[in-house]
1. Can you spot a residue in the range 399-417 that is closer than 29 Å to residue 84 by Cβ, in contact with a strand residue (DSSP E or B) (Cβ under 9 Å, 6 or more places away or on another chain) and aliphatic (A, V, I, L, M)?
2. Out of 262, 220, report the one residue that is over 15 Å from residue 405 (Cα atoms), among the charged types (D, E, K, R) and crowded, with 21+ Cβ neighbours inside 10 Å.
3. Which is surrounded by 23 or more Cβ atoms within 10 Å (Cβ to Cβ), of a type outside the set (Phe, Trp, Tyr) and either over 24 Å from the mean Cα position of the chain (by Cα) or under 17 Å from residue 387 (Cβ atoms) (or both), of 426, 464, 460?
4. Does the range 138-148 contain at least one residue that is surrounded by 22 or more Cβ atoms within 10 Å (Cβ to Cβ) and in the same structural domain as residue 242 (by TED's automatic domain parsing)?
5. Spot the failing condition for residue 234; the list is (1) modelled with pLDDT under 95; (2) under 18 Å from residue 84 (Cα atoms), and only one is missed.
6. Tell me, which residue of the range 354-411 that is of a type in the set (Gly, Ala, Ser) and under 14 Å from residue 290 (Cβ atoms) is modelled with the highest pLDDT?
7. Output yes when any residue across the range 316-334 is within 30 Å of residue 443 (Cα to Cα) and in contact with a Lys or Arg (Cβ under 6 Å, 6 or more places away or on another chain), and no when none is.
8. Of all residues in the range 436-474, count the ones that are basic (Lys, Arg) and within 21 Å of residue 374 (Cα to Cα).
Amino acid sequence: MYLYRRLMTQLAHQIETGVLRPGQTLPSIRELALQRSVSRNTVIQAYDRLAELGLIAPRDRSGFYVLCSTARTEPATAIDELMPSTPGRDHLAFSVVRSAGSSLLAPLGSAHPSGEFPALQSFRRIYNRQQRIARREEVRLTQYEVPPGHAGLRRQLVRHMARSGTVVDAEEIVITNGCQEALSLALQTVAAAGDIVAIESPGFYGTLQCLEVLGMRILEIPSDPLHGINLELLSKALERWPIRVILVNPLFSNPQGHVMPENAARRLLSLAERYDLPIIEDDVFGDLSYEKGRPRTVRSWDTQGRVLLCSSLSKSLDSDLRLGWVAAGRYSEPLCYRKYVTTMACRGQIQAAAAEFLSGSRFGRHIRTVTRCYRERRDFALEAINRFFPDPTHVNMPLGGFHCWVELPAAVNSTRLYSELMQQGINATPGSLFGTRGQFDHFLRINYSCINDREKYTKIFNKIGNTINSICDTV
């Protein structure tokens, strides 16, 4: 291992375990080089890589400082601790989703992007213009596109995905009503009730509920905010159980916000090839990268068409569009038929508007604008958490998307915290929803995309911190 990588790993571990605390100034380059008996260039490389990972940041004329510690999920350490389970129906999740849309609550618990950016208005103008043309030319306004969907949109999606190194054919793309339907169709295409699905843990509660409704069993494979899914445990699990499909959210995962390293993505694909399994890749946050360039998808390494890539415009533009897709590879024909026999089709005019919107440079400009804004809001949220939440609190540093994953003191039950915050007009998502075994009961997911008023949200984070302290005092 290169010296800078060894040094980087040691420092990352100290940040993860809380030895180096948020806001703490790191030794100067010269000082650390002397301490560790390495060259100054080695320290510079290590610091630069830690900054790329979002763990530290430079401060003008005063070196580097720790941004935040990495949320620890206390993963299982042995394969014997894992067991396929059938998730139960969780009515709390539906309550969280419904309350997230309330204008009376601070929407920190939602999964929606901010709707304040000009691109959304541009999209609506395109859609309204097409409606006027349809009326003038007496085109039926009720027309819809049967699967696989609008040809022009599918061509634009091919172009869009190619920018991240993901090469797909327009004929394999099936347009869906959002990414949730895309994931559901993908699961139903490659698995059946009773089959085992290996997923990352923590995992998005909407996916857990979908698996519950489909009657599938879940094998939760621990993941961490730096490396993603634990491939060693996944490999052992594949040897032990008849897993039917692997479902991952490798880019800015919900809730952890991690990015699976490229070497890990290739190893995951090798495991799938060894056992001849499909991979369902949830890429709904993939466009929202804070770094230069979009990270590569797992699908970008796939040469056999075994990865079903699911995404949408719901997180990058607007949730209300309900416009998603699956690049289904070898499974495109059965998935297309399943789309036809379940929901028949999607709205044709919204697809045509999306095709026109994606054809120029509008979407690229929007992504650059929105990611700059979300990065600033992330930094504000993390500073507020570190300022107002009690010790020991650990929070991850997402490199994209718009969620952060907060580990609270062990005495804090996130469901109780959710209820008490709701009474104060604050909505945040309890971590208990993101697992089936209660392993994340003292975690909280916070959506910072909505933070457009710093004074207002400073008071809100202060209220959350006071509520956490109050719960700690009563336990």
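The values are calculated or read from the model by the stated rules, or taken from the named source; none is laboratory data. Keep in mind that what you see is a predicted model, and the values were worked out from it rather than measured. Here Cβ is always computed from backbone atoms with ideal geometry, including for glycine, and neighbour counts include all displayed protein chains.
1. yes
2. On the way: 262 fails: crowded, with 21+ Cβ neighbours inside 10 Å.
One residue alone meets the criteria, 220.
3. Working: 426 fails: surrounded by 23 or more Cβ atoms within 10 Å (Cβ to Cβ); 460 fails: surrounded by 23 or more Cβ atoms within 10 Å (Cβ to Cβ).
Only one candidate passes the filter, namely 464.
4. At the first step, the residues of the range 138-148 found to be surrounded by 22 or more Cβ atoms within 10 Å (Cβ to Cβ) are 148.
Keeping just the survivors that are in the same structural domain as residue 242 (by TED's automatic domain parsing) gives 148.
Yes, that holds for at least one residue.
5. (1)
6. So the first thing to find is which residues in the range 354-411 are of a type in the set (Gly, Ala, Ser), and the list is 354-355, 359-361, 364, 381, 384, 400-401, 410-411.
With the extra rule that they be under 14 Å from residue 290 (Cβ atoms), the set shrinks to 381, 400-401.
Details: 381: 93, 400: 92, 401: 96.
My answer is 401.
7. So far as the range 316-334 goes, no, none of its residues is within 30 Å of residue 443 (Cα to Cα) and in contact with a Lys or Arg (Cβ under 6 Å, 6 or more places away or on another chain).
8. First, pick out the residues of the range 436-474 that are basic (Lys, Arg): 437, 445, 454, 456, 459, 463.
If we keep only those that are within 21 Å of residue 374 (Cα to Cα) as well, we get 445, 454, 456, 459.
Total satisfying the criteria: 4.
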